[in-house]
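Just below is one structure, and these are the notes that go with it.
Derivation of every value follows stated rules applied to the coordinates shown; laboratory data play no part. From a predicted model like this one, the values you see are computed outputs, not experimental measurements. Cβ sites come from the backbone with ideal geometry, for glycine too, and all protein chains shown count toward neighbours.
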Amino acid sequence: MKPTKLSQPQRRKFMQHLVRTMGVTSATALVYGSNLNVALGFQIRAEKLDAAGLLFDKTTMQTLKHIVNTILPRTDTPSGADLDCHGFVDHQLFHCHSKSEQQVCLQIITQINDYSLAHLNQSFPQLNNQQQVELLQSIEAMKGFTQLQRNQFKFLKSLIVFGYFTSEQGAKEILRYDPVPGGFSVIPLQEGDKSWGSLAYY
Amino acid sequence: MNKDIYIKQQNEKFDVLVVGSGITGGWAAKEFCERGFKTLMIERGRVVEHRKDYIAEGKPVWEYDNRSKVDNLLIEQQYKIQKDCYAFHDGTKQFFGNDRDLPYETTEGTDFRWIRGNQLGGKSLLWHRQSYRMCEDDFLANKRDGVGNDWPIRYDDIADWYSYVETFAGISGSKENLPNLPDGEFLPPFAMTGPEKALKAKIEKAFPGRNLIMGRTAHLTEPTLLHLSQGRVQCQTRNECQKGCSFGAYFSTQSSTLPAAAKTNNLSIAANSVVHSVIYDETRNRAIGVRVIDNDDLSTREYFADVVFLCASTIGTTQIMLNSTSKKFPNGIANSSGVLGHYLMDHNYNARATGDIEGFDDEYYKGRRPSSCYMPNFQTRPELYRKGYLRGFAYGINTYRSDWRGKSQQDGIGSDFKQQLSTPGKWGVDFSAQGEMLPHFDNQMSLNPNKKDKWGMPLINFNVEYRENEKAMMDDAAEMGAEMLRAGGCTNVKSGTSYELPHRAPGIAIHEVGTARMGRDPKTSVLNQYCQSHDIPNLFVTDGSAYCSSGVVNPSLTFMALTARAVDYCAKEMKAQRL
């Protein structure tokens, strides 16, 4: 079977066809992207604040920011909070999720803080990094936490990760981004190669 | 598009009215226009211009208000039903019907998901583009099983018409020489991945007669001069088709049939025209036009022609017909048989098996292939039927390497977890069953004369359910899928069914068919073998309503072929002055 990936001469031919059918400006904008960047909906906030959000009060937001940074710490790539994933979670829950899902997240964040205060005598943000990691690991291991709490935490975690990799930096720079692939083909994968950040559906 | 093509008031008579602008409306208009007939295409929704109105095309995920998800409030107010469609998201919602304006009812204890695309181009903008021919056994099935009525056509009657529409639309696929899935006129197929080839080899060896092939899809993998002349270019594998494609790389009314029809100067389009009913002249026994309510200001107007083609989708067409009452046809136009609205079918997409594929760690893919693999129905004849139910199903088969979406569910906190999220994980595969639904008299849509929508159309009531045959088939499909995955060497195999879930109710496959069925006997069918009304010679119905059985394959390619065939017949009858 023939792969449908375009060779360079085919690519030129494709562009010629496209330019003929829709003109140079539209054709290049379509294939190579336009420079328009429209400000819409959720925007990563310059300050990545832990002030109160749409759904969460200040304390919850602060705890969430530390949860985000514990799950996705700063390495050679930005941390979750660097990409304002805590702000994203608050905004996304408010706009796109049910009341019960909002409640799930609120509950587990509060319970993480409560657990921290009860067992470690400090709020979650006050713990050192090692303690924060261990606390979140104990939720997944269900040590001191229930199956229900584990499920609630997993839901919150998946939202955080969604926010991270659907941000511009997450999709474009941390993963591989290819908005107009020009064909489908099988390619080799080497150690350390990234996943595609350009996806059709989420 | 030339602005003069759009009309509103028109007293002049046309040769043909085509109601609907989706896959069948587009084909009917093109075929009539190219034969020299003055044709009016009537669309209930707004105009969508190719390219110009694809407002979300190419928009990256972070630029959406909510990263491509739709706001709760908007869903609650306008898209309660449409949200259940797999293709519904923030980049496509403009091409879905508004549930607030388009209410319907379901009989207590039943559920129906009616997905709508009310705009120029209809659901041709939103379709999944899988394109398969029905086989000879599909046309014989009702007769053999004593279920429903016999199709008045056989495969040979339609084979050349399949070729005709495939060549024009552009279907990519591989020649396989299978009796249960006839080959067509294909552009090159999309490539299979290593795991797909390996699965194919193992499964085909373990289960002779079951084939795993590349899906056949209406995408230009290598456009011909004919496609380039339509203004279409090669598919760039973005797989964001339902936002609209300015490359014209997948077949839609806008990309293909509409420019062809417009080129003839025989086409006019009346958009924002909700057809209320067909106007019937009892003395001449002819349909003479349609009565229309304006989509925006609710004013009424009429259009007239020698011939009326209803291509408004199965449910849309049937609603119009049931609402077109007269002394002679008190229960709906051309309904002397009484079967109009009955035998509503969809496909049953409610069994799934998934597994992991070991190995192939050094293989990945580039591009978002707009098609998956396919296993055609292997239970096409009674001697091949499994125990406990009639007929069979196909599988859509998808393989992928897991990424952060799946991995985010795994255990892990911190930098190692973060690192893992950014690289491809294991290969996975899913088998999704696509089952036939039997024609059943009681699976019916009817009108509620006491409740009307904002245009004054009586609300539709659906009384449709999956019955024992459909359920038994899905139970078996889930199990068989798992069995094949295990035979294919997969691990972590899981399977299950979803037909009990309300959001997976009939309608959700968007393959509604059967409510104005063809047949040889005018007493038990609405249409003859050319989709022509038995009762009224100049009235034709060429969308899914004409089906006698759902078959297993995705229906759009057959809709196209039936439409082109009907127009050819009708044009000859018109020239011979028999209509």
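In the neighborhood of B:Gly58, defined by Cβ-to-Cβ distances under 15 Å, what is the net charge if each Lys or Arg adds +1 and each Asp or Glu adds -1?
Values: positive: A:Lys172, B:Arg51, B:Lys52, B:Lys59, B:Arg238, B:Lys243, B:Arg368; negative: A:Glu168, A:Asp178, B:Asp53, B:Glu57, B:Glu63, B:Asp90, B:Glu240.
That sum, taken over residues with Cβ under 15 Å, equals 0.
The shape of the stretch A:58-174 comes out oblate: with a ≥ b ≥ c from the C-alpha gyration tensor, a/c is at least 1.5 while a/b does not beat b/c. Between B:Thr524 and B:Asp297, the FRET efficiency estimated from the beta carbon spacing at R0 = 41 angstrom works out to 0.45. Distance between the C-alpha centres of the stretch B:53-86 and the stretch B:442-484: 26 Å, rounded to the whole angstrom.
So what's the net charge close to B:Gln529: Lys and Arg +1, Asp and Glu -1, counting the other residues with Cβ under 10 Å from its Cβ?
Working: positive: B:Arg154, B:Arg520, B:Arg565; negative: B:Asp157.
Here the charged neighbours net out to +2.
Placing R0 at 25 angstrom, the Cβ-Cβ distance between B:Asp160 and B:Phe441 gives a FRET efficiency of 0.15 after rounding to 0.05. In whole Å, what is the distance between the alpha-carbon centres of the stretch B:25-44 and the stretch A:43-75? Here the two parts' Cα centres lie 57 Å apart. Between the amide H of B:Ile42 and those of B:Val18, B:Val19, B:Gly20, B:Ala270, distances stay under 5 Å, these residues lying 5 or more places away or on another chain, with hydrogens modeled in the peptide plane. Within the same chain, lysines fewer than 8 places from B:Lys8 are excluded, and of the rest, those with a Cα less than 19 Å from its Cα are B:Lys38. Relative to the longest principal axis of the Cα atoms of chain B, the long axis of helix B:23-34 lies at roughly 50 degrees. What pairs from A:Lys194/B:Lys175; B:Lys143/B:Lys575; A:Lys65/B:Lys366; B:Lys328/B:Lys452; B:Lys80/B:Lys175; B:Lys202/B:Lys407 go past 31 Å between their alpha carbons? Exceeds cut-off: A:Lys194/B:Lys175; B:Lys143/B:Lys575; A:Lys65/B:Lys366; B:Lys80/B:Lys175.
Between B:Leu74 and B:Arg210, the contour length at 0.36 nm per residue exceeds the alpha carbon distance by 44.5 nm. Please work out whether the stretch A:147-202 counts as rounded, prolate or oblate from its C-alpha gyration tensor, where a ≥ b ≥ c are the square roots of the eigenvalues and a/c under 1.5 means rounded, while otherwise a/b larger than b/c means prolate and anything else oblate? Since a/c reaches 1.5 and a/b is larger than b/c, the shape of the stretch A:147-202 is classed as prolate. Dipole magnitude for the stretch B:3-575: about 600 debye, using +1 per Lys or Arg Cβ and -1 per Asp or Glu Cβ, origin at the Cα centre.
Using the Cβ-Cβ distance between B:Asn448 and B:Glu500 with R0 = 30 Å, the FRET efficiency computed as 1/(1 + (r/R0)^6) comes to roughly 0.70.
Footprinting exposure proxy ranking of B:Arg113, B:Arg301, fewest other C-beta atoms within 10 angstrom first, gives B:Arg301, B:Arg113. Rg/Rh for the stretch B:267-346 stands at 0.97; both radii use Cα atoms, and Rh follows the Kirkwood definition. When Rg and the Kirkwood Rh are both derived from Cα coordinates, the Rg/Rh ratio for chain B amounts to 0.96.
Note on B:Glu108 and A:Glu173: their simple-model spin labels are 6.1 nm apart, each label 7 Å out from Cα toward Cβ.
Per residue, how big is the convex hull of the protein assembly as shown when only Cα atoms are used? Give it in Å³. Intermediate values should be presented prior to the final figure.
Values: hull volume 127.0 nm³, N = 781.
Convex hull of Cα atoms, per residue: 163 Å³.
Listing A:Glu168, B:Glu108, B:Glu49 from fewest to most neighbouring C-beta atoms within 10 Å gives B:Glu108, B:Glu49, A:Glu168.
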